[in-house]
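The values are calculated or read from the model by the stated rules, or taken from the named source; none is laboratory data. Keep in mind that what you see is a predicted model, and the values were worked out from it rather than measured. Methodologically, a virtual Cβ is constructed for each residue, glycine included, from the backbone with ideal geometry; neighbour enumeration extends over all protein chains shown.
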Amino acid sequence: MILLRIFKNSQLAGTAGLIFLLLGIFLYSFIQDFSGEGVSSVSDHQAMQFYNLVFGAIHTVPFLNHVIAMLLMMLIGYMLIRIGVRDRLLDQRSLMPAFFFIIFTIALPEARQVSPALVGSLFYLLCFAILFEVHDKKPDTFSIFTASVFLVLGSMFYLKLIWFIPLIWASLRTMRPVTWRELFYPVVAYIILALFFFTWYWGVMDEGAMFGRVVAENMTISGSFEPYHFSVYLLYGYMIMMVGVASIYMVNRFRSRKIVVQNTYQVMFYMFVAAILFYLFVARFDPSGLVFVAFPVSYILSNYFHRKRSPWIHELAMWILLGLVVYVQISI
């Protein structure tokens, strides 16, 4: 049992395994960077001005773009591991969430680059890392406002994160009773963001009309489904099947978990549904939008693969998953 032994424990071998996994998946992109296909392999994204200011230049340097994307993936993976340990979402300390996050998110070449969604997802995860702990906070504390501020900071890179405000409300009501003021905090945070942008465009740049254009452009829902190679459907179909099996396993032992953990996984379910709807109707099949689906999926699958029964079946399932990832890389 090689893969289970490496990724179920937070050890040096597991960390090295995650790094080699990232390098292996990014290898073809790095090869493209030093060929004539480098610039064409980097997609253009509609983004906020702050994103263009910070990350705009790297879209003309494909190798740097892919390196920074890989570093962001490593950072997000580390955060997922830490959240799993802190909130006791798994039976033991594990690198599994990072493993499944990487597999689910960057199997497609279009997702292996810096994008507004990837940068915004970092702040999205920080937002929910705070919300997972509100059960310990008294009503009307500023924890919820702080979580909302992180979502707002992410919106400075990817404005479409505003669509996740209802998810914050549903999550709060699940974790503990809330007051009406706490439900209003996300709205206040976005009002402050709007005032900041309006003041910047109208007061500093003397182009007030530009504020409306920037908001309209970044909130525009565009894009359409583009067919993929058969290998992509095979990979994600297999992962959806595993998520279904893992969900059934979780439901069967759900009541044996602590109430706090139950509530957190219920929020994960809301995150999964919201992310699927976001990917289909807001991101409009943009591969970078898969990052939001990957967060709850990584914990659902990790929880199942921590099951002590049938370890050989789990080992085989992970090798099949890696094989499908390799098949995707050589097919597209």
Here the residues within region 76-94 that are out of contact with any Phe, Trp or Tyr (no Cβ under 6 Å at 6 or more places or on another chain), assigned to a loop (DSSP other than H, G, I, E, B) and either surrounded by fewer than 22 Cβ atoms within 10 Å (Cβ to Cβ) or at positive phi (or both) are Arg88, Leu90, Asp91, Gln92, Arg93
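Anything in region 57-75 that is among the aliphatic types (A, V, I, L, M) and surrounded by fewer than 19 Cβ atoms within 10 Å (Cβ to Cβ)? List them, or say none.
Ala57, Ile58, Val61, Leu64, Val67, Ile68, Leu71, Leu72, Met74, Leu75
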Considering residues that are buried (at least 24 other Cβ atoms within 10 Å of the Cβ), closer than 16 Å to Ala47 by Cα and of a type in the set (Gly, Ala, Ser), the number found within region 95-127 is 4
Scanning region 198-235 for residues that are aromatic (Phe, Trp, Tyr) and free of Cβ contacts under 8 Å to residues at least 40 places away in the same chain gives Phe198, Trp200, Tyr201, Trp202, Phe211, Tyr233
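Residue-by-condition table, conditions (1) touching an Asp or Glu at 6+ places or on another chain (Cβ under 6 Å); (2) in a helix (DSSP H, G or I); (3) among the small types (Gly, Ala, Ser):
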| site | (1), (2), (3) |
| --- | --- |
| Leu125 | no, yes, no |
| His135 | no, yes, no |
| Thr141 | no, no, no |
| Ile144 | yes, yes, no |
| Ala147 | no, yes, yes |
Of (1) surrounded by fewer than 19 Cβ atoms within 10 Å (Cβ to Cβ); (2) modelled with pLDDT of 90 or more, Ser10 satisfies every one except (2)
Restricting attention to region 200-207, does a residue exist that is in a helix (DSSP H, G or I) and crowded, with 22+ Cβ neighbours inside 10 Å? no
Taking region 247-270 and keeping residues free of Cβ contacts under 8 Å to residues at least 40 places away in the same chain and aromatic (Phe, Trp, Tyr) leaves Phe254, Phe269
Those residues of region 142-152 which are more than 11 Å from Phe128 (Cα to Cα) and buried (at least 20 other Cβ atoms within 10 Å of the Cβ) amount to Val149, Val152
